[in-house]
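Enquirer: My questions all concern the structure below.
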Amino acid sequence: MKIRFGTSGWRAIIGDDFTFANVRNVTEAICRYLTENFGEDKRTLIVGHDSRFMGEKFSQVAAQIARNKGFRVLLCNHPTPTPTISHAIRHQKAVGGLNFTASRNPPEYQGIKFSTSDGAPALPEITKQIENLVENPSNAEDKSGGSIEEFDARPEYLDDLKTKINFDAIAAAKGKFAYDALWGTGRGYLDKILRDCGLEVETFHDWRDVTFGGMSPEPGEKQIADVVEAVKTKGLTLGLATDGDGDRFGVIDSDGTFIQPNHLIAILTDYLAESRGWTLGVARSVATSHLIDRVAKDRGLKLYETPVGFKFIGELINKDEIILGGEESAGLSIRGHFPEKDGILACLLAVEAVTVREKSLTEQLEEIYSRVGKLESGRIGVKLNSEIALKLKEKLSQEPSEIGGRKIENINRMDGVKFIFADNSWMLMRPSGTEPLVRIYAESEDKKDLEVLLEQGRKYLLE
């Protein structure tokens, strides 16, 4: 099979394409890429895994291969969040990191996320080189000097968070929280750091279950119903959740309302501009709400639009050009952090914003609406069958003047095809990088119109 990296690494079904043989091939290709591009000087490599089936076995195999190629391997000794590995890469001055995770994909999937020496997801020009090396393996001899060391990345990561969050204010407020780890890597991280502040935290699903309760470990409203119920019945400050590898967030307001990722990104953009006094730009992916644009304009901040994939936002964080970067798929990082999305950080920022402003997230969102207006956003997925897949490329290459009677003012092909309409609504059609489907994103100033817009997009795609 051909190994192809998507927006966040290589993912495949365990036992089908994700096999020990392919793991060896990919690991050897990554080691070869690192050796050819960085020589023999920088030889430390972080290797970790999430709580998925066989994660520790796959990571051990990768560690052994890297050791045999002369690398000093720091092998994480427990399921470790992706953002924690990103921090470790930078803190240990490593040449890169391999994390065995399929993030929020269903439990039958496994994956490899490869991060470069800055802690960011590898850019497409790098992953393409690795793909070519997988297809054209060499018989390079093993090297001496390699080693494998057991490594706990948690303490240094949690210490780093303490420099970026106002924990004094959080501790003084004595809030009460619920946290759903979704059987993933956030357990012992987000709940621990809040408890270290003397706060009450009720946890859900904070043990390992490689089936993730029979669902995808995604912190969406349906998946974290237990947290919603706890917040509503026990009068909690917030409900929090992270996905399988801890890089995505889910937040429930004090009245039990699920805060859409688009909305939290807007709220935190507004909060950071106000609380930190930062005046740099803000970044969002092409699929993310234009409410971010409006908040940025209101706060006098430059707006950057990027392709989908946090690696592109990470570049702007590395250059210190933005105060926050976010994606509608619940990915977020901030200035001074590392260039990888961090669900643990995002949850803590939500806690801080509620604590410092002494207002619920819903109240903060309503204040934003009063200043910049309201937008409604959503997305649907259209599964790819052979017929749709065959005509998809041609369909997306067309240049229609209207869709569903809406005049198109601009077509953005940065990533997928985004139609900007004359009434300020928009629609994006983008093939998924990890699943056999096309995602249709849309936004309008009216909720009912949003539903119409999404249906018009589905019909356009299928007609």
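FYI, it's all coordinate maths here, none of it is from the lab. All of these numbers come straight from a predicted model, not from anything done at the bench. Here Cβ is always computed from backbone atoms with ideal geometry, including for glycine, and neighbour counts include all displayed protein chains.
Enquirer: Report the calculated FRET efficiency for Gln398 and Ala422 (r = Cβ-Cβ distance, R0 = 22 Å), to the nearest 0.05.
Expert: Details: r = 19 Å, r/R0 = 0.85.
The calculated FRET efficiency here is 0.75.
Enquirer: In nm, what is the difference between 0.36 nm times the number of residues separating Glu363 and Lys319 and their Cα-Cα distance?
Expert: Details: separation 44, 0.36 × 44 = 15.84 nm, distance 3.32 nm.
Taking 0.36 nm per residue and subtracting the Cα distance, the gain is 12.5 nm.
Enquirer: Which whole-number percentage describes the relative contact order of the chain, with Cα contacts under 8 Å and a sequence gap of 6 or more?
Expert: Numbers: 983 pairs, mean separation 58.6, N = 463.
For the chain, the relative contact order is 13 percent.
Enquirer: Within 10 Å, Cβ to Cβ, of Ser115, how many net charges do the neighbouring residues add up to if Lys/Arg are +1 and Asp/Glu are -1? Don't skip to the answer; put the middle values down first.
Expert: Values: positive: Arg90, Lys113, Lys311; negative: Asp118, Glu340.
My count for the surroundings of Ser115 gives +1.
Enquirer: In addition: Which number do you get for Rg(Cα) / (2.2 N^0.38 Å) in the stretch 240-343?
Expert: Rg over 2.2 N^0.38 Å, computed on Cα atoms: 0.98.
Enquirer: Given the pairs Lys162/Lys234; Lys192/Lys319; Lys176/Lys359; Lys234/Lys448, which are separated by over 26 angstrom at their Cα positions? The partial results should precede the final answer.
Expert: Working: Lys162/Lys234 28 Å; Lys192/Lys319 31 Å; Lys176/Lys359 15 Å; Lys234/Lys448 33 Å.
From the list (Lys162/Lys234; Lys192/Lys319; Lys176/Lys359; Lys234/Lys448), the Cα-Cα distance tops 26 Å for Lys162/Lys234; Lys192/Lys319; Lys234/Lys448.
Enquirer: For Lys234 and Glu149 in one chain, what is 0.36 nm times their gap in residues minus the Cα-Cα distance, to one decimal in nm? Could the numbers behind the result be given before it?
Expert: Numbers: separation 85, 0.36 × 85 = 30.60 nm, distance 4.44 nm.
Difference between extended and current length: 26.2 nm.
Enquirer: Provide the percentage of antiparallel DSSP beta bridges, counting only those with both residues in the stretch 122-255; round to the nearest 5. Show your work: numbers first, answer last.
Expert: Numbers: 4 of 13 bridges.
Counting only bridges with both partners in the stretch 122-255, antiparallel ones make up about 30 percent.
Enquirer: Based on DSSP H runs of at least 4 residues, each adding -39500 (n - 2.57), what is the mean residue ellipticity at 222 nm of the chain after dividing by all its residues, to the nearest 500 deg cm²/dmol? Could you put the intermediate results ahead of the total?
Expert: On the way: 15 runs with 175 residues, N = 463.
Rounded to the nearest 500, it is -11500 deg cm²/dmol.
Enquirer: May I pose another question? Would you please give the residues with an amide H less than 5 Å from that of Gly326, counting only those at least 5 places away or on a separate chain, with H modeled from the backbone geometry?
Expert: Long-range HN contacts for Gly326: Ala283, Arg284, Ser285.
Enquirer: Sticking with this one: Apply the Karplus parameterisation 6.51 cos²θ - 1.76 cosθ + 1.60, with θ equal to phi minus 60°, to every residue of the stretch 340-345 and state each ³J(HN,Hα) to the nearest whole Hz, in sequence, with x for glycine and proline.
Expert: Working through the residues one at a time gives 9, 5, 9, x, 5, 4 Hz.
Enquirer: Would you mind putting 2-9, 163-170, 187-194, 404-411 in packing order, based on average other-beta-carbon counts within 10 Å, highest first?
Expert: Working: 2-9: 18.6, 163-170: 15.6, 187-194: 21.6, 404-411: 12.5.
The packing order, highest mean first, is 187-194, 2-9, 163-170, 404-411.
Enquirer: Compute the signed sum of charges (Lys and Arg +1, Asp and Glu -1) over the other residues within less than 10 Å, Cβ to Cβ, of Ile334.
Expert: Its environment carries a net charge of +2.
Enquirer: Residues with beta-carbon under 13 Å from that of Trp207, excluding Trp207: net charge, scoring Lys, Arg +1 and Asp, Glu -1? Working shown, then result.
Expert: Values: positive: Arg187, Arg208; negative: Asp180, Asp191, Asp206, Asp209.
The answer is -2.
Enquirer: Here is a further query. Need one number: nm distance between label points at Asp449 and Thr19, each 7 Å from Cα along Cα→Cβ, rounded to one decimal.
Expert: Going from the Asp449 label point to the Thr19 one covers 5.3 nm.
Enquirer: In what sequence, highest mean first, do 224-230, 123-129, 136-142 appear when ranked by Cβ atoms within 10 angstrom? Don't skip to the end; give the middle numbers.
Expert: Numbers: 224-230: 20.6, 123-129: 15.0, 136-142: 9.1.
Sorting 224-230, 123-129, 136-142 by mean packing, highest first, produces 224-230, 123-129, 136-142.
Enquirer: Please identify every one of the trypsin sites (Lys or Arg not before Pro) in the stretch 276-369 that sits in a loop by DSSP and has no more than 16 other beta carbons within 10 Å of its own beta carbon. Intermediate values should be presented prior to the final figure.
Expert: Values: sites: Arg276, Arg284, Arg294, Lys297, Arg299, Lys302, Lys311, Lys319, Arg335, Lys341, Arg357, Lys359; in loops: Lys302, Lys319, Arg335, Lys341, Lys359.
The qualifying sites are Lys302, Lys319, Lys359.
Enquirer: Where the centre of each part is set by its Cα atoms, how far does the stretch 330-384 sit from the stretch 62-113, in angstrom?
Expert: Measuring centre to centre over Cα atoms gives 28 Å.
Enquirer: Just to be sure I understand: of the beta bridges DSSP finds with both ends in the stretch 244-347, what percent are antiparallel, rounded to 5?
Expert: Values: 6 of 14 bridges.
Of the beta bridges lying entirely in the stretch 244-347, close to 45 percent run antiparallel.
Enquirer: What is the spin-label model distance, in nm, from Asn412 to Lys222 if the labels are put 7 Å beyond Cα along the C-beta direction?
Expert: Output for this residue pair reads 2.8 nm.
Enquirer: So if I restrict to the alpha-carbon atoms in the stretch 157-300, what is the Rg, and what is Dmax, the biggest pairwise distance, in Å?
Expert: Cα only, the stretch 157-300: 15.9, 46 Å (Rg, Dmax).
Enquirer: Filter the GluC sites (Glu not before Pro) in the stretch 301-378 down to the DSSP loop ones having no more than 14 other Cβ atoms within 10 Å, then list what survives. Don't skip to the end; give the middle numbers.
Expert: Values: sites: Glu305, Glu315, Glu321, Glu327, Glu328, Glu340, Glu352, Glu358, Glu363, Glu366, Glu367, Glu376; in loops: Glu321, Glu328, Glu340, Glu358.
Listed in order of number, the matching sites are Glu358.
Enquirer: Obtain the nm distance between the two label points defined at Lys93 and Arg458 by a simple spin-label model: each point lies 7 Å from its Cα along the Cα-to-C-beta direction.
Expert: Using points 7 Å along Cα→Cβ, the separation is 5.5 nm.
Enquirer: Within the chain, what percent of beta bridges assigned by DSSP are antiparallel, to the nearest 5?
Expert: On the way: 45 of 77 bridges.
Antiparallel bridges make up about 60 percent of those DSSP assigns within the chain.
Enquirer: Quick one: which residues, 5 or more positions from Thr44 or on another chain, have an amide H under 5 Å from its amide H? H modelled 1.01 Å from N in the peptide plane, none for Pro or chain starts.
Expert: Answer set, sorted by chain and number: Arg72, Val95.
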